[in-house]
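A quick write-up on the structure given underneath.
No value in this document is a laboratory result; all are computed from the given coordinates. Note that this is a predicted model, so its numbers are computed, not measured. FYI the Cβ positions are ideal-geometry reconstructions off the backbone, even for glycines, and counts take in every protein chain you see.
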Amino acid sequence: MATKTKEVIQQQIENEKKRLEKLKKELKAKEKAEAEISRKKRNHRLIRIGGIIEQYAGEIKNLDAFEAYVRQYAHSIKKNQQQANTFPEEKTQDIGNH
């Protein structure tokens, strides 16, 4: 009887190991999906920012000069963004569902 119990316990351990591996794979898949949604939201936001800039400033041909300009006003831009949410989540929420 002791042998039977030992075999049953070993089988239970193997089953739990398999279950654990399955859960790890599910977790990894969910993390990957969340990362993809986050990446898509970020890409969408960056494209919108670029579109807004080109709408008002035209095509930016000298990126180094533009970067220097943005760097010069970065503090003000950041301060304004903290005061007013320019990119509300509800507008970009469905990006990951495509």
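Assorted remarks:
- Furthest towards positive pole of dipole, Gly50, Gln12, Leu27, structure part segment 2-97, Cβ charges: Gln12
- Bridging of Lys6 to lysines at a Cα separation below 20 Å is possible for Lys17, Lys18, once same-chain residues fewer than 8 apart are set aside.
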